[in-house]
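Engineer: Right, I'll just put the structure down here and ask away after.
The values are calculated or read from the model by the stated rules, or taken from the named source; none is laboratory data. Source: prediction; values computed, not measured. With ideal geometry, Cβ positions are generated from the backbone for all residues, glycine too; neighbour counts draw on all protein chains shown. Calculation scope for accessible area: heavy atoms of the full protein, side chains included, ligands and nucleic acids excluded. Shrake-Rupley method; radii C 1.70, N 1.55, O 1.52, S 1.80 Å.
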Amino acid sequence: MQRLLEYVGIEPERFQARWVSGSEAAKFAEIVTSLTEDIKALGPNRKLRDDHE
Amino acid sequence: MAQEMLKASANPLLPVVCKVTKIVDETPDVKTFHVTSENGKPFTPMPGQLGMVSLVDVGEAMFSVTSQGEDHLEFAIKRVGMLTDALHEMEPGQEIAVRGPYGNGFPIDMCKGKDLLFIGGGIGLAPLRSLINYCFENRNDFGHIQIIYGSRSPADLCFKDDIFNNWPKQENTRVDITVDKGDENWTGNEGFVPQILEEVNPSPEGKVAVVCGPPIMIKFVLQSLAKMNFTDDQIVTTLEMRMKCGIGKCGRCNIGSCYVCLDGPVFTLKQLNNMPNEY
Amino acid sequence: MSNELTTQMRELAKKLLEEEKVQMVIGWEKGSLPYHSTPVFVTNPEDAQKLIWDEYCANNLASYLLDYRNSGMKIALFVKGCDSRAIVRLLQDQQINRENVYVIGINCPGIKDNFNPEKEIAERCRDCTHPEPVLYDEIIGEKPDRASDKERFEGIEEIENMTPDEKYQFWQKEYDKCIRCFACRNVCPGCSCRECIFDQGQKWLERRVVSSENAFYHLTRALHLAGRCIECGECERVCPMNIPIMKLNKKIAKDIDSLFGPYEAAVNLEEMPPLGKYKEEDPEEFM
Amino acid sequence: MKIINVEKIPEIIKKWQNDCEVFVPVDNEGAVDFIPWSEGSKITLEGNSLVPPKKLFFPQTETLYKYETKGQSANVIALEEKTAQRIIFGIRPCDLKSLEMLDDVFLTKGFVDPYYKLKRENTALVALLCAEACDTCFCTSMNIDPGAASGADIVACKSGEQLGLQAQTEKGEELLNKVSQLTTEGEIDFKKAGNFKLQADIEGLAEKLKEHFESPYWEAACRKCIGCGTCTYLCPTCHCFDINSNTRGDHGIKTRCWDSCMFSEYTLMAGGHNPRPGKKERFRQRFLHKLQYFPERYNKTACVGCGRCLAKCPAIVDITRIITELREVTGIGTGNVESVS
């Protein structure tokens, strides 16, 4: 999926998948934090969007 | 001038915003919606004509106008899909959008001076009700009125106030109600509509039969009427099709070269027999 | 050679129908123009005369089996190399029963594109890796003596090397062309869902034909075919707007190759797609 | 007749472009399409566009109105749409004819479609006569003359490097006056296309088809169809559309988009009933609509012989063949296809 996004010109970091077990609360928080930071750094996505006009 | 053209009055695709003023629970899956615009009725339909009702952000669908008052239209709507689900979730006060009237309506001139036999099943009574109410409002124009109506169970009978109280009280009128299967409180007829029709055995003399209901009921009712010597031009029914524009442009509601939204929804059996069997 | 094959096809079809081994034979017949060869469905032995083989027999006939998947009919059909992989695709996806199809393979010399008849050979045949059918009950035609003159993933790297914005522009321009006729979906032997998420009732895809919705359609379809695309190129052939659909499908095939080792979809009935099975040593790019 | 060298066409268009938008057929990566002319556009004077010019009157995606919702309230906002004056340069006689059919649909039978009407009224048509038939052309079989263009404001015809322009309406007269410095008076030797490879005879077919709705022919003929919408979307007379809501938060737009009778959901009703549930019913609908229903309703065959459907059909479903086969099915003989030329 990441490779495909990259191929059509979308930053691959916008799609991330991780395996987190139900008991790994700390890992979950860590991943969400880092994902949020990644996305914030990229700024809002303007590609593949359509806001009517 | 260019701008004028897309203004509401000239644009048949532009709906009028209306308020739902009253919602009546008819059956577990049918509700009647009373609809009023700022200026009263959004339009004044003839019996049997249609209105396009929409929740603007959900979708639009065509419904027959089941009745109308001085300042409002009534739509009886069964819950079957996404739009109707959303309509059923509404509370009074909700604004919806309505456009119309569409279609030909019932052939009033053909019915005038005649005895009328209404045969309805389930939600199929909704379009018939517009004509039935019209007849009672113009009682002298019509002869004897006979109504045969049935549904699956007592709970599924629509317009209970009309069928049990208002209509039977009218002069020169007979109402027969039946259910496929009654419950412990049911004391009326049990049996399918065509069975009751055969028991009642009306004479075709000077009569017009107006039929609406599920396809399977219509099929057997037509067989019974034929047995009673009703001719094809004495039988009137109203169809439903998927519609999008309502004004004969978008294509999908055609049966052969007829558009149900313009040329229908009301057809005589004679007309239907001349059309491809694809509805 | 093509005349000889035509005769063989007709005789075979006639026999199969006469002996009631099958109820229908799917092949090709001649259309109105010299470069029009079009699918034909023969149910009478006499009509076997309609069948032909020539360099314009482009249609992959295997997808039609989906129309008959519930009919219980026994059907014979002619398959080129690529088409035979479509049969494997349908079998692996459990869309058809092996005993209900009689597969007559044709050793394929490569065909022309009936939408671009002036071309010497159809673009999709240039990098064909399987001119000989991979699955058949019977095979006709001489073993083709041809080598592909194009690398399987040619042109993919070119796009991979673009900058993100160039890539985006490239694809947006293509998706702007799409009219969403669904020809690519409907012709695809990998698109066998009875209900598709792109059908109106599903509400995943807006009806509006704008490039963002079109991109969503094409990307989703490509992903759905990941590891299952047989690279027959039918989608690209039938696209009236000439969208390079295979450039997306081949990219995914290329990635799967590099992630899971060399793999070509639906070449071997026993070998399931890498995304359809689990191995301990599967790469875990994102874990 | 006004004469101009074909090389000078961009100059005329540039002049016209001063007060309106001019759509011209341009080769866009192998597919000819009508797009607004801009400096450097290479106008194609051979063949026809892939997507028919109907899209300029009836776009594939068109906004009907906007709406807002908030709690229980709803608001419908009409578009203040202004369409600038437009010129379509190079519309072929077949596509010109198709506009007559779209006019019938959108402008008659009690309701006028304002979106279509507006665009139609604001558009001047410069037709380009056909000197050569494409392989898949069969307009003459549909009684269309490739050498005439009634309904166009200006008729253009090409011979060698010369383009002749003849005004047919006042609007056309005005347009030609605007470019009179660029043209000279004269005549050109134009010979219209003959020698059509495909032919079909529709004479008397519409009346006969009525009795063959249940014919087993449909079951057999529909098999190769893959049920995509290519034929309907590329057809200049097909006009079916769908209406949808597109909501973003508390506002949205109502749009109409091309739809196709070939799609399974086209007639599917909310309760699950579908009057045309299978490929046979849908295939039959498409051809009977063109050959019987439309003639019954509007007294015209809804096919102009442009050949786009068979040229791009993935399975090469060939309407000329179907017409010929239907003649046999209905027992009116193979028809007099030889005399049509």
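Engineer: Taking a cut-off of 19 Å between Cα atoms, list the lysines near residue D:178, but don't count ones fewer than 8 places away on the same chain.
Structural biologist: D:2, D:8, D:14, D:15
Engineer: Counting DSSP beta bridges with both partners in chain D, what percentage is antiparallel, nearest 5?
Structural biologist: Details: 40 of 51 bridges.
Around 80 percent antiparallel, to the nearest 5.
Engineer: Run down the aspartates and glutamates and flag those whose C-alpha is under 14 Å from the C-alpha of residue B:227, throwing out any fewer than 8 positions away in its chain.
Structural biologist: Filter leaves B:198, B:199, B:205.
Engineer: So if a site counts as exposed when it's one of the trypsin sites (Lys or Arg not before Pro), its DSSP state isn't H, G, I, E or B, and it has at most 10 other Cβ atoms within 10 Å, what's the longest stretch of chain C without one?
Structural biologist: The reported range is C:1-193.
Engineer: A further question on this structure: Kirkwood hydrodynamic radius, computed over distinct alpha-carbon pairs, for region B:2-102: how many Å, to one decimal?
Structural biologist: Evaluated on region B:2-102, it is 13.7 Å.
Engineer: A follow-up question, please. Given 0.36 nm per residue, what is the gain on full extension from residue B:232 to residue B:270 after removing their alpha carbon distance, in nm?
Structural biologist: 13.2 nm
Engineer: Oh, and also: Please compute the modelled spin-label separation between residue B:80 and residue A:50, points set 7 Å along Cα→Cβ, answer in nm with one decimal.
Structural biologist: Placing both labels 7 Å beyond Cα along the Cβ direction yields 3.0 nm.
Engineer: Nearest 500 deg cm²/dmol is fine: what mean residue ellipticity at 222 nm does chain B get from its DSSP H runs of n ≥ 4 alone, each adding -39,500 (n - 2.57), divided by its residue count?
Structural biologist: My calculation for chain B gives -5500 deg cm²/dmol from helical runs alone.
Engineer: Right, here's the next one. Rounded to the nearest 500, what is the 222 nm mean residue ellipticity of chain D from helices alone, with -39500 (n - 2.57) per DSSP H run of 4+ residues and division by all residues?
Structural biologist: It comes out at -7000 deg cm²/dmol, rounded to the nearest 500.
Engineer: Right, something else. Cross-link list C:50/D:208; D:55/D:254; A:47/C:167; D:82/D:117; B:244/C:173; D:109/D:210: which exceed 20 angstrom alpha carbon to alpha carbon? Could the numbers behind the result be given before it?
Structural biologist: On the way: C:50/D:208 27 Å; D:55/D:254 18 Å; A:47/C:167 11 Å; D:82/D:117 12 Å; B:244/C:173 31 Å; D:109/D:210 23 Å.
Violating the 20 Å limit, Cα to Cα: C:50/D:208; B:244/C:173; D:109/D:210.
Engineer: Right, another one. Work out which residues of region B:235-259 lose at minimum 40 square angstrom of accessible surface when the other protein chains are put back, relative to the chain isolated, with a 1.4 angstrom probe, and list them by number.
Structural biologist: With the partner chains in place, region B:235-259 has these residues losing at least 40 Å²: B:242, B:244, B:249, B:250, B:252, B:254, B:257, B:259.
Engineer: What lysines could a cross-link reach from residue C:143, if we take a straight Cα to Cα line under 20 Å and drop same-chain neighbours fewer than 8 places away?
Structural biologist: Filter leaves C:80, C:112.
Engineer: Right, here's the next one. Hey, if you put +1 on the Cβ of every Lys and Arg and -1 on every Asp and Glu Cβ in chain D, which of D:116, D:22, D:169 ends up farthest toward the positive end of that dipole?
Structural biologist: D:116
Engineer: To the nearest 500 deg cm²/dmol, what mean residue ellipticity at 222 nm is calculated for chain C from DSSP H runs of n ≥ 4 alone, each contributing -39,500 (n - 2.57), summed and divided by the residues?
Structural biologist: Calculated at 222 nm, the ellipticity per residue is -9000 deg cm²/dmol.
Engineer: Using a simple charge model, +1 on the beta-carbon of Lys and Arg, -1 on the beta-carbon of Asp and Glu, nothing else, what dipole does region D:2-185 show about its Cα centre, in debye to the nearest 20?
Structural biologist: Values: 20 positive and 28 negative charges, 84 e Å.
Here region D:2-185 has a charge dipole of around 400 debye.
Engineer: Let me ask something else about it. Testing the spin-label approximation: label points 7 Å from Cα along Cα→Cβ at residue D:122 and residue C:176. State their distance in nm.
Structural biologist: Going from the residue D:122 label point to the residue C:176 one covers 2.1 nm.
Engineer: Still on this model: Put +1 on the Cβ of every Lys and Arg and -1 on every Asp and Glu Cβ in the protein assembly as shown; which of A:9, C:58, B:90 then has its Cα farthest towards the positive end of the dipole?
Structural biologist: My answer, from the dipole projection, is B:90.
Engineer: Suppose R0 equals 60 Å; then what is the FRET efficiency for residue C:197 and residue D:203 from their Cβ-Cβ distance, rounded to the nearest 0.05?
Structural biologist: The formula returns an efficiency of 0.85 here.
Engineer: With labels modelled as points extended 7 Å from the Cα through the Cβ direction, what inter-label distance (nm, one decimal) is found for residue D:188 paired with residue A:24?
Structural biologist: Distance between the two pseudo-spin positions: 7.4 nm.
Engineer: Run the dipole for the protein assembly as shown about the Cα centre, Lys and Arg Cβ at +1, Asp and Glu Cβ at -1, nothing else charged, and hand back the magnitude in debye, nearest 20.
Structural biologist: 1180 debye
Engineer: Once the convex hull of the alpha carbons of region D:36-138 is built, what does its volume come to per residue, in cubic angstrom?
Structural biologist: 159 Å³
Engineer: Can you tell which of B:167, C:103, C:31 lies farthest toward the positive end of the dipole of the protein assembly as shown, using +1 and -1 charges on the Cβ of basic and acidic side chains (Lys, Arg; Asp, Glu)?
Structural biologist: It is B:167, whose Cα lies furthest towards the positive end.
Engineer: Averaged over all directions, how much area does the convex hull of the C-alpha atoms of the protein assembly as shown cover when projected, in nm²?
Structural biologist: Over every viewing direction, the Cα hull of the protein assembly as shown projects on average to 46.4 nm².
Engineer: Pick from C:76, C:147, C:86: which residue has the top mean-square fluctuation in a GNM of chain C where Cα pairs under 10 Å get a spring?
Structural biologist: C:147
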